[in-house]
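The values are calculated or read from the model by the stated rules, or taken from the named source; none is laboratory data. Remember, predicted model here, so these are calculated numbers, not experimental data. A quick note on method: Cβ atoms are made from the backbone with ideal geometry, for glycine too, and the neighbour counts reach across all protein chains shown. For the accessible areas, the whole protein counts, side chains as well, though only heavy atoms, and no ligand, DNA or RNA atoms are used. Shrake-Rupley method; radii C 1.70, N 1.55, O 1.52, S 1.80 Å.
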Amino acid sequence: MLINRKVNLTAVLPSFFILLFISLPDAVFYAKNHQFSNLLKAITISMSLLSIPVFIFHKRLKLLFILYYPLVLITPITVFYILTYGVTVNSDTYWLIFNTTFSESHELLKGFYLYGVLIFFTITLLYYFLLKKIPAKISFRSSLCVSLFGTLLFLIIPFFSNSHSLGYFTKIKGNLSWAWPSSNYYALKTVKSNFSTIHDFDTRTKDFKFNAIQQINIEDRQIYLLVIGESSRFYNWGINGYSRDTSPKLDKRGNQIISFTNVISGGYITQLAVPMLISQATPQNFSIHLERKSIVSIFKEAGFKTYWISNNVDNGYIFIHSKESDVVKYELSDYKASKNVKTDMDLMKTLSSILSKKEKKTFIVLHTLGSHYDYDARYTTDFKKFKPTASDVNATATDYKKKDAIINSYDNSILFSDAVLDSTISLIARENAVSYVNYISDHGENLFDDTNLLSQHGSPTPTKYVAKVPMFFWASEKYQNLFGQKYRTLYNQRHAPTGSNNIFYTMLDLCGISFPEISYQKSLANEKYIQEKRYILGANNKFFLFDETKQDIVH
């Protein structure tokens, strides 16, 4: 690759192999998806870009490749991510990284530490060996030829694009944002922009008002509670027809519980899904939640004392809305989360303390850890019903061969969520108030369900197992007596196709809260409800239509 009469082939090949290795992520991604023309294009863009600085470093060529060392180190991590989740590293990936705590990372990676260390040392040794073969410097003429060739190659590529409607410079920018490793810059730039938008949220919405009112004067005490589950999929709840008895406590409540059978999440990850539960955001118009406040502020305007209780990691988009609450209470685990975790049941003490204040009007958001991986860390030992578990057989999150043990762990976490939800209802019921409890999971989870062998929920195109979520509703006797028609309408529409972005309107309608822009056609508790096409937001800001007939996700 290095055009230099004094440099033999053994010196050229090491630099070539290093640049080729750095270009591997896109190559693996497109090879995996059988897109071989894109594979060739991505490698060409990557290697041409990496070759351009050779002229600048022709007197210190080793220094250039030392500067490339971090890219070499993150290449196997990126390849592993692609092979696991089927998506290249993008802004959503970095968004998740920046919003992930050490404890979450530890739970996910604890089975891979040894492999990581071995790969790190192996690559470092190989890189050191190749680096020794690279000359300290090359001639001015040779370096100029290399850089000019790389530049020319990069500038020619747009002419082979099929996107005839796009201008030349638009294609150039598109190639930079598309191909590894320059795509990292654009992904990080997007994340930086997101953080800036979040930082300015309070300033932008300082004077924002919904002008909400509660249309009915209620003398009795009111308590309304939204429980947000985590990674809980519709299909593994016994109350929804699962072959295992994972929800004995809700089952025992019988017709006290309304279980909704056709609810779709708004987003494939928590940071996208939760804002759509509590605001007017939709997959097609997600950014609106950054310009308008959430359901928390609506309840505040209607005279309610508002609380946000969580043992989840409510960073980023979620954090700005949690701060709208009068009181925010976090019960986070420490760094040894797999051994010393604050489970969802630990939130009951905080909930009980709030209820003991006997406030006239109370609205509470309870954000749980639910079935977030590591599944075995989500429940206590007395809920270890299905065995062996993942921890029993040392299974990692992506270990298909130990699929049965992983599912056992997951089902135990559902069993625990059933108990948590039952305890929540019991605490609210004791208050003898006009009250309801609405539970919905943010998104579902993959459990090696088909030939794709997907696990968790990081795949860029959400499957039906990620999209379809459980939703349960309980109301006190006083509530049913006061809002009988709304309750009956809600019950009658328990099988109606709906999405998580309908929850915002449904919860308000259920307690008679209104604001000028409210859409009753989006409320399941209203006879005016109209089914709309349902979408879920996936990676790279792409939204996907949920096909009712095939029960699958299509573009």
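The table that follows gives values for the structure above.
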read-out	value
Largest-first ellipsoid semi-axes for region 347-463, taking √(5λ) over the Cα gyration tensor eigenvalues, angstrom	34, 16, 10
nm² value of the averaged projected area, convex hull over the Cα atoms of region 13-84	4.8
Most to least packed among 362-369, 87-94, 73-80 [average Cβ atoms within 10 Å]	362-369, 87-94, 73-80
Whole-number accessible area per residue in Å² for the chain, which is evaluated in the context of all protein chains at 1.4 Å	45
Whole-number Å³ per residue for the convex hull built on Cα positions in the chain	166
Alpha-carbon gyration tensor eigenvalues x 5, square-rooted, for region 263-397, Å	30, 21, 12
Taking the C-alpha atoms of region 434-555, convex hull volume expressed per residue in Å³	120
Cβ crowding within 10 Å averaged over residues, with 531-543, 297-309 ranked highest first	297-309, 531-543
Protection proxy ranking, peptides 232-241, 435-444, average beta carbon neighbours within 10 Å, highest first	435-444, 232-241
Principal axis dimensions, largest first and in whole angstrom, of region 190-348 by Cα	50, 46, 33
Simple Cβ-charge dipole of the chain, Lys/Arg +1 and Asp/Glu -1, about Cα centre, in debye nearest 20	1800
Farthest toward positive dipole pole in the chain [+1 Lys/Arg, -1 Asp/Glu at C-beta], among GLN280, PHE473, ILE22	ILE22
3J(HN,Hα) from dihedral phi, region 311-322, Karplus parametrisation 6.51/-1.76/1.60, rounded to Hz, x for glycine, proline	10, 8, 9, 8, 8, x, 4, 6, 4, 5, 8, 4
Per-residue SASA entry for ARG204, accessible area with 1.4 Å probe, Å² rounded to 10	90
Amide H contacts under 5 Å for LYS305, placed H, 5+ residues apart	LYS361, THR362, PHE363
DSSP-defined antiparallel bridges as percent of all bridges, the chain, nearest 5	45
Residue-averaged 222 nm ellipticity for the chain, from DSSP H runs of 4+ at -39500 (n - 2.57), nearest 500	-13000 deg cm²/dmol
Rg(Cα) / (2.2 N^0.38 Å) computed for region 136-205, rounded to two decimals	1.67
Reachable aspartates and glutamates, given that their alpha-carbon falls under 12 Å from the alpha-carbon of LYS542 and they are not under 8 places away in the same chain	ASP92
Subset of LYS361/LYS478; LYS358/LYS522; LYS358/LYS478; LYS300/LYS357; LYS300/LYS533; LYS329/LYS349 violating a 21 Å alpha-carbon distance limit	LYS358/LYS522; LYS300/LYS533
Relative contact order of the chain, defined on C-alpha pairs under 8 angstrom at six or more residues apart (%)	18
Within the accessible area of the chain (1.4 Å probe), percent carbon and sulfur	58
Probe 1.4 Å - accessible area at CYS145, Å² to nearest ten	50
Taking the convex hull of Cα positions in region 481-533, its mean projected area over all directions (nm²)	3.6
